[in-house]
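What follows is one structure encoded as structure tokens, with my remarks underneath.
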Amino acid sequence: MRNKYREFYTKKYESGEYGGIREEEAEINPFYEILKESLERYKIDDASKCLEIGSGRGVYQDMVQNYIGLDYSESVGKYYHKLFVSASAEEMPFSDETFDFIWSYQVFEHIPNPEEALAESMRVLKKDGIFLLFPAWYCRPWAAEGYQVRPYSDFNLQGKLYKLIIPVLNFIPIRLVNIFAYRSFYSLYYFLSNSKKNLTTFRLPFKKIKANYEVFWQPDSDACCILDPYLVILWCRSQGYKILSHKGLIRQFFIGYEPIEIQK
């Protein structure tokens, strides 16, 4: 599977079909201002060592002076004039506490084991360092087969029915009920674990979904997991990390489609 995974991203980057943000789009993408403000807020300077996880074509490599880009695809190395490493986010070739600041944008939903990647990210982050994390939260399981962009004629009867109910499943009130029920369940589990002083057993709750590594039908058709920002926050708290971007239990519980700033 890992060879297929690497082959998919290598081919898609080389063909130009895929690759996230392009250089001409970098400054108009909402993440540009998010990253810029975070770098300024935490006074990241030329001496600060920075890592971008899932750096793609490296369009943000000049946002900081001391930069390393990490991506699973080897083929994107040609886009860099700064340091680039081809490796998995689940097993990074860096020593403990190497970086002052790490960021990752729309990447962790494509990692088979996001908990392992989170733990690895925090391992290579220095004490008091900052991790700006912004995956594509709540990826849809139907994206893999392109249900929203393909015509009904592409599917059998079961597929047609599934395509038909997608607008219902996407209806915001229904989605919110599901999200908050899910969060409530894991909040109870977290606080029961906390009361028993057994938070080390709290695992990151995420849903595995089927990723399509054959055809890129639409954004996130290659996503392999569904992540909820509140559950990532709970995991970080269980590990003793601080959430700087969302302080207070209420604000954390009601977090929407937003980035998280984590301090080790």
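The values are calculated or read from the model by the stated rules, or taken from the named source; none is laboratory data. Nothing here was measured: the structure is a model prediction, and the numbers come from that model. Please note: Cβ atoms are built from the backbone with ideal geometry, for glycine as well, and neighbour counts cover all protein chains shown. Keep in mind that these areas ignore ligands, DNA and RNA; they rest on the heavy atoms of the full protein, side chains included. Shrake-Rupley method; radii C 1.70, N 1.55, O 1.52, S 1.80 Å.
Just to verify a number: FRET efficiency for A47 and K78, C-beta to C-beta distance, R0 = 30 Å, to 0.05?
0.60
Given an 8 Å cut-off on Cα distances and at least 6 residues of separation, report the relative contact order of segment 85-138 as a percent.
Over segment 85-138, the number comes to 48 percent.
How high is the FRET efficiency between I250 and E116 when r is their beta carbon distance and R₀ equals 35 Å, given to the nearest 0.05?
So the FRET efficiency works out to roughly 0.70.
Check each of the trypsin sites (Lys or Arg not before Pro) in segment 34-74 and keep only those in coil by DSSP with at most 15 other C-beta atoms within 10 angstrom; list them in order.
Passing both the DSSP loop test and the Cβ count: K43.
When all protein chains stay in place, what accessible area (Å², nearest 10, 1.4 Å probe) is found for F180?
60 Å²
Return the single residue from P151, P205, P112 with maximal mean-square fluctuation; model: Gaussian network over the chain, springs between Cα atoms under 10 Å.
P151
Would you kindly state how much longer the chain becomes between Y162 and E258 on full extension, computed as 0.36 nm times their sequence separation minus their alpha carbon distance, in nm to one decimal?
Gain on extension, Y162 to E258, equals 31.7 nm.
Along Cα→Cβ, 7 Å out, is where each label goes; now give me the distance between the ones at Q239 and S193 in nm to one decimal.
Spacing of the two 7 Å Cα→Cβ label points: 1.2 nm.
Under 19 Å from the Cα of K163, which aspartates and glutamates turn up, not counting those fewer than eight places away in the same chain?
Correct list for K163: E145, D154, D220, D222.
Kirkwood hydrodynamic radius for the chain: how many Å is it when counted over pairs of different Cα atoms?
Computed over the chain, the radius equals 19.6 Å.
Quick one: dipole size for the chain, taken about the Cα centre, charges +1 on Lys/Arg Cβ and -1 on Asp/Glu Cβ, in debye to the nearest 20.
1180 debye
Divide by every residue of the chain the summed helix terms, -39500 (n - 2.57) for each DSSP H run of at least 4, and state the resulting mean residue ellipticity at 222 nm, rounded to the nearest 500 deg cm²/dmol.
-10500 deg cm²/dmol
In the structure shown, do any of K49/K242; K43/K208; K49/K264 have a Cα-Cα gap over 26 Å, and if so which?
As for pairs spanning more than 26 Å Cα to Cα, those are K43/K208.
What nm value, rounded to one decimal, do you get for the distance between D96 and R150 when each label is placed 7 Å out toward the C-beta?
In this crude label model, D96 to R150 measures out at 4.8 nm.
Just to confirm, what accessible area per residue do you get for segment 81-198 at 1.4 Å probe, in whole Å²?
Value for segment 81-198: 51 Å² per residue.
Quote the FRET efficiency, to the nearest 0.05, computed for F171 versus D128 with a Förster distance R0 of 45 Å and r equal to the Cβ-Cβ distance.
0.55
Taking only C-alpha pairs under 8 Å that are 6+ residues apart, what is the relative contact order of the chain in percent?
17 percent
With label points built 7 Å along Cα→Cβ from the Cα atoms of A87 and R203, find their separation and express it in nm.
2.6 nm
Considering Cα pairs under 8 angstrom that are at least six residues apart, work out the relative contact order of segment 148-264 and quote it in whole percent.
Contact order relative to length: 18 percent.
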